[in-house]
Amino acid sequence: MSKAQNKQIKLNLPISSTHKLLKFCYFIMAVLLCACGNNTSEKSTQETSITDQNEMSVDEANDSKTILCFGDSITAGYGLDDSEDAFPGLIQQKIDSLDLNYTVVNSGVSGETTAGGKSRIAWVLNQPISIFLLELGANDGLRGVPLSETRDNLQAIIDKVQRKSPETTIILAGMELPPNMGQDYTSEFRAMYSQLAEKNDVEFIPFILKDVGGIAELNQGDGIHPTVEGHKIVANTVWKTLESLISL
């Protein structure tokens with residue numbers, strides 16, 4: 001038998017055998033397509049699930065309300081090894097322990113006066129703020145700045161917050177001065193905060209350094225800035241006012 005005849009015999013299969021071979025090929029292709037389709041579908045479902053979870057995480061982060069502490073070196077945590085040991089950081093720890101959806105922002109600047117606060121408040125208000133804690137004035141008092149000027153600057157800051165964000169809750173933190181500044185000046189300085197709080201109908205902490213100011217072991221060597229232990233007491237003082245303002 002010639003090679004040509006042999007090739008012709010191999011190619012000229014019976015019709016029934018050809019149909020069986022084609023059906024088998026179609027079956028294999030169908031199985032492979034189904035398998036690929038299932039893998040693609042499963043992968044797509046997993047990717048969609050991951051995307052949804054990521055979007056939920058972003059949404060939850062965006063839903064967090066802001067408590068902004070706007071102040072001087074007391075807020076900034078001057079002299080501490082870790083700024084998280086300052087009262088704003090301690091309040092954040094308290095909030096986290098209660099699983100509350102609030103973020104505490106420390107906007108304290110050491111050496112800040114009310115004039116300095118007035119000049120930077122507009123930039124700070126570019127973010128949504130739920131609660132605004134205003135702690136300024138001590139450096140004005142220690143420098144003997146006229147009380148009328150300090151009062152006007154604090155009022156200007158309050159006005160800007162209320163105009164920019166009427167729904168923001170304002171807490172005014174009062175301060176007291178050492179007696180060597182003169183009886184009249186220190187008395188008027190103390191009264192200035194309660195008057196501003198009443199005039200503007202804002203929340204009020206009479207003395208943010210209550211149970212800390214003037215106590216040597218709770219203050220650093222300068223006798224002005226609280227130690228880590230001192231800041232724990234300050235945080236508790238602030239929390240007593242703050243607790244009723246946030247959603248428990």
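How much accessible area per residue does the range 142-248 have, counting only protein heavy atoms and a probe of 1.4 Å, in square angstrom?
Working: 5710 Å² over 107 residues.
Averaged over the residues of the range 142-248, the accessible area is 53 Å².
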Highest average packing first - 169-178, 145-154, Cβ atoms within 10 Å: 169-178, 145-154
Length-normalised contact order for the range 111-175 - Cα pairs under 8 Å, 6+ apart - percent: 49 percent
Förster radius 30 Å - calculated FRET efficiency between residue 167 and residue 207 (Cβ-Cβ, nearest 0.05): 0.60
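Using a probe of 1.4 angstrom, how much of the accessible area of the range 94-229 is carbon and sulfur, in percent?
Numbers: 3410 of 6790 Å².
Carbon plus sulfur share of accessible area: 50 percent.
The values are calculated or read from the model by the stated rules, or taken from the named source; none is laboratory data. Owing to the predicted nature of the structure, the values given are computational and were not obtained by experimental measurement. Neighbour counts are summed over all protein chains in view; Cβ atoms, including those assigned to glycine, are modelled from backbone coordinates with ideal geometry. We work out accessible area using only protein heavy atoms, side chains counted, and drop any ligands, DNA or RNA first. Shrake-Rupley method; radii C 1.70, N 1.55, O 1.52, S 1.80 Å.
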